Each structure stands twice: as C-alpha cells, then as structure tokens.
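Notes follow the structure.
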Amino acid sequence: MFKDILTKGGKSDKENEDCVYLCDDFGFVMDGATGLLKENITNCVSDAKWYVEEFKNFLIKNLKTKKNLKGIMKDGITYVSNTYNNIEGATSVKSKPSSGIALFRKNENNIEYFILGDCQLIIKDKKDIITKLQLNDLPKLDNINIGRMVKIAKEKNINVIDARPLINDYLVETRLTQNTNNGYWILSDDINAVDHALHGTLNLKDIKQIIGLTDGFSQLYEVFKVFTYEELVNLINNKKISLDNLYDTLFTLQENDSNCNRYPRFKIRDDASIFNYELD
C-alpha cells in the first residue's frame, strides 16, 4: 500500500479552504466555499475553512465505524450545522459556508464512494481501466459563468480576470441555486444534498489505485490540458512524477497566464488538493 497527499492554498496556505485526509481505510478531499457575503463569525480566517476542518474532524472519527456512509454524511451535516449555528452571530448570516467532497471508504470487501460538488475520484482497476467519477451540476454552472466573463472581456477589450467583478450578479444567482433541483448540490446545512450525491460501491479486489482531487488540482487536465486524467494516473502510479512536481507544473502554467486570457478561469489559481492511494 502506498499513500501520498498534497494541499496548497491559492492565496496562501493559511487561507487554504481545501482539506485532504488519507489513511489505510478511507480518504477524502474537501473544497470549501465561503458564503455569498463573505461573512465570518468563526475564529478561522474564513467560515469555509472552519467548515471543512470541522467536517474533516467529524469524518475521521465516524468513518471508522460500521455505520452507513450516507447516514454518516447526513449526521455530519447536522452536527457541523448545529455547531455553526451555536456560534455568536450565526442567526444574522444570510449565506452559510459550504463544501464539495470526494470520499472513499473500505467497507469489508467493497470500496464505497461519495461525491458532491466539483471534487473528483479517479479509479484504476486491476485491468488498468481508468474511470473518473464526478458530478456535472456545479461545473456546468461554472462554465456558463466563465463564458460570460470571456464575452464581457471581448466586448470591453479587457483581460478575462478583470471581467470577474462584472459577473457578480450571475455568481449570486448561481449560489442561490445551491441545494435545489435547478442548481447544484453541496455539503452545507441541508441533509437532502446527501441523496443527490454520486454514491456507490466497487469490489475491493478489483481496484488498484484511487486518486481524489479538488477542482483546483484537476485544472491540470481540465483547464490547461497538459495531459489527460488517464495519463495523470499513470504518471503518479509509476512514480514518474511527484505530487509536488505536478503542483509546480500547475503553478507555472497559472503564472504564465496570470490574466486568464488563454485559459479562462475565475482566478489566477485556486486552492488545490490531491491524494493518491495505491493498494497492494
């Protein structure tokens, strides 16, 4: 068995709203998002960072049990939401923090998975077939808004990154569709989101490798298209490149397109996290 993780903040590691955890029996990445109005009532640098850290600690304790995975996720939403609501000032918060997640857990002879938001799992089986598991509801909405940025940038003859503040109203509209059938589903304060997750099981004996990524790291193949996700898995699996070197490649690509004109995106760089789990 081989395990490796990496997480980097887009602005700084202190402000990193991602988190990653990996042990012998389970692993997950989380991608936190602060509420619309950037409200902050916790003792963390942001409420989103507080949310993912609280949820991370809850999962570390509870994924070790035999309890049903979807039940654990619903209990986690309830527990973290109640904890947040007991903090002074919570009643005045109009938009609660949220988070995407990609998680796997060994459960006897199976591997369970659970995905919400734009985090991903990539699975390689013993026949070297590689499958990417993800939901498309949030990425679809993000792509629409990025398209709006590009259109405004062309019309106003400005850089794409400078068009970002000009689509704030659209971003508010998107966020207001959180945990609705017409929008996207995410970890926040609604347990109904769990029933809209990508959830299933795989036969443990068939699996060779599991990689989990937040969308900040998957930019390597989804935005910059340095290689395909299949090639990424094989590079990591064969130890041809380290996670640190992969991040350095991503960082350089982002720096070389700091105006986001060639590779349109919301910001120069996002928080980025990844884990690599290779079975015996």
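For the stretch 118-197, a crude dipole built from +1 on the beta carbon of Lys and Arg and -1 on the beta carbon of Asp and Glu, taken about the Cα centre, is about 440 debye to the nearest 20. Distance between the pseudo-spin-label points of Lys225 and Asn259 (7 Å out from Cα toward the beta carbon): 2.1 nm.
The share of accessible area on the stretch 109-188 that comes from carbon and sulfur is 47 percent, using a 1.4 angstrom probe.
Counting only heavy atoms of the protein chains and using a 1.4 Å probe, Trp50 has close to 20 Å² of accessible surface.
Structure note, pairs Lys14/Lys267; Lys3/Lys126; Lys64/Lys208: Cα-Cα distances above 20 angstrom occur for Lys64/Lys208. Site pair Lys205 and Lys126 shows an inter-label distance of 0.6 nm when each label is modelled 7 Å from Cα along Cα→Cβ. The Cα-based radius of gyration of the stretch 44-93, divided by its Kirkwood radius, gives an Rg/Rh of 1.03. Taking the Cα centre of the chain as reference, the dipole from Cβ charges on Lys and Arg (+1) and Asp and Glu (-1) amounts to some 280 debye.
Taking the chain as a Gaussian network of alpha-carbon nodes connected by springs under 10 Å, the highest mean-square fluctuation of the residues Leu37, Leu141, Leu198 belongs to Leu37.
Counted over all Cα-Cα pairs of the chain, pairs farther apart than 24 Å make up 50 percent. Between the residues Val29, Thr214, His199, the greatest Cα displacement towards the positive end of the dipole of the chain, with unit charges on the Cβ of Lys, Arg, Asp and Glu, is found for His199. Per residue, the accessible area of the stretch 39-179 comes to 50 Å² when a 1.4 Å probe rolls over the protein heavy atoms. Take the alpha carbon atoms of the stretch 121-192, find their center, do the same for the stretch 9-32, and report the distance between the two centers in whole angstrom. The distance from the Cα centre of the stretch 121-192 to that of the stretch 9-32 comes to 19 Å.
In plain terms, the chain from Lys70 to Ile87 could stretch by 3.5 nm, reckoned as 0.36 nm per residue minus the Cα-Cα distance.
The values are calculated or read from the model by the stated rules, or taken from the named source; none is laboratory data. All values derive from a computational prediction rather than experimental measurement. Using ideal geometry, Cβ is built from the backbone for each residue, glycine included, and neighbour counts are taken over all protein chains shown. With ligands, DNA and RNA removed, areas are computed over all heavy atoms of the protein, side chains included. Shrake-Rupley method; radii C 1.70, N 1.55, O 1.52, S 1.80 Å.
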